[in-house]
Amino acid sequence: MKKMLFILALLLPLAGVAQNTSFGLTGRLGAYETIVSSNRSVGDNNSYGPGLQLEVGAWYRLNLTEKGAVQFTVFQALERQSGGAIMVIDESRNPLADLKTRYGNLAIGATALFFYKHSDKLAIGAGIGAKYNYVAIMVMQELQDRGGNSVGGDDYYDNNYHRKLRVCLPLEAQLALSPRVRLVGQVQVPLSNRITASESAFKERDLGLTLGVNYALY
């Protein structure tokens with residue numbers, strides 16, 4: 001209890017100097033590149049195509065000083081990414097076919113950023129962000145087998161290879177287009193490995209870029 005009162009005592013002066021608050025909605029489109037590394041050769045099967053993101057949500061902004069502000073954003077994210085081909089083998093470990101993979105995620109995310117007002121129109125900020133994938137699927141798409149026949153189908157599986165929670169360092173710039181509309185650009189620097197097994201030789205991190213708009217309701 002004493003620690004909580006001490007933290008509250010530190011936060012109250014910051015709230016007291018706040019000039020105003022604002023809140024609104026945000027919509028963003030983005031792309032990300034999966035960076036794969038390993039302590040052994042991974043061949044070609046760990047290649048990924050560029051991932052695409054669609055994010056919509058709400059934000060709350062608290063101005064602490066004339067130059068500084070904090071912004072909290074909660075958003076729903078939809079992601080889609082193409083993966084490499086995997087080889088299907090039979091019980092005798094003979095190769096049967098190559099199946100192409102792709103991944104899809106539905107995630108809830110949140111960011112907290114501190115902004116510095118560079119000018120009347122431009123603000124730049126950095127902070128911490130996280131996404132939790134509550135739906136994560138892997139799709140196996142059929143390719144022709146080595147005998148020329150098609151195998152399998154567009155089968156869906158739960159993606160249990162990637163972590164549900166991912167953490168990143170967002171670096172954001174906001175350009176005021178009007179009193180209510182701000183153009184947003186954000187770089188998402190990965191802080192966590194998205195492979196689930198800690199003993200895995202592989203590491204995957206997503207470096208992302210999103211562009212969008214913040215609209216102020218108040």
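Odds and ends about this structure:
- Across all Cα atoms of the range 149-218, the radius of gyration (one decimal) and Dmax (whole number) stand at 18.8, 61 Å.
- Each label was represented as a point 7 Å from its Cα along the Cα-to-Cβ direction; for residue 86 and residue 128 these points are 3.3 nm apart.
- Which of 158, 206 is most accessible, then next, and so on - probe 1.4 Å: 158, 206
- Residue-count net charge about residue 175 - beta-carbon cut-off 10 Å; Lys, Arg +1, Asp, Glu -1: +2
- Per-pair calculated FRET efficiency, R0 = 35 Å: residue 187 and residue 120 via Cβ, rounded to 0.05: 0.90
The values are calculated or read from the model by the stated rules, or taken from the named source; none is laboratory data. For clarity, every value in this text was computed on a predicted model and none was experimentally measured. Note: ideal-geometry Cβ built from the backbone for every residue, glycine included; neighbour counts use all protein chains shown. With ligands, DNA and RNA removed, areas are computed over all heavy atoms of the protein, side chains included. Shrake-Rupley method; radii C 1.70, N 1.55, O 1.52, S 1.80 Å.
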